[in-house]
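These notes are about the structure you will find just below.
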Amino acid sequence: MKYILYRSFGNIDNDIRKHELAAVEYAPNIYEATDSLVRAVADDLAGIAEYVGFETTAFAPEPVQPFRKVKRYSYVITGQVIPPNASENILIECKRYKTHRNEKKCML
């Protein structure tokens, strides 16, 4: 199965055409792909100039909640940016999109 990770800017329900490709991962299923997707999200966030020097990580994929406007995604991944001297972390949502049986897209 092919998992495609996309990055969104701001609200993931808006500006869908502005989403950018962040990574592509291959695995037999979502469980096998989880570690690679989490690493890909963390690596992508670490590469953003605004977050240089910050620690980055991500949570495991979760099913998309029904309140979301965008219905084409099947999972959401939340990336986490941990500033060295801040009272709060920065959370960034990602989504994975199912296009057909062998390809999935994930939104960051």
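The values are calculated or read from the model by the stated rules, or taken from the named source; none is laboratory data. Every value quoted in this text rests on a predicted model; they were computed, and no experiment measured them. Positions of Cβ are generated from backbone atoms using ideal geometry, with glycine treated the same way; all protein chains shown enter the neighbour counts. SASA here: full protein model, heavy atoms, side chains in, ligands and nucleic acids out. Shrake-Rupley method; radii C 1.70, N 1.55, O 1.52, S 1.80 Å.
Among the residues of the range 69-79, those that are more than 10 Å from the chain's Cα centre (by Cα) and either in contact (Cβ under 8 Å) with a residue 40 or more places away in the chain or open to solvent by less than 70 Å² (accessible area, probe 1.4 Å) (or both) comprise 69, 70, 73, 74. Of all residues in the range 64-86, those satisfying the criterion of being among the small types (Gly, Ala, Ser) and modelled with pLDDT of 75 or more are 74, 79. Of the residues making up the range 46-68, those that are open to solvent by less than 50 Å² (accessible area, probe 1.4 Å) and closer than 18 Å to residue 85 by Cβ are 46, 51, 56, 57.
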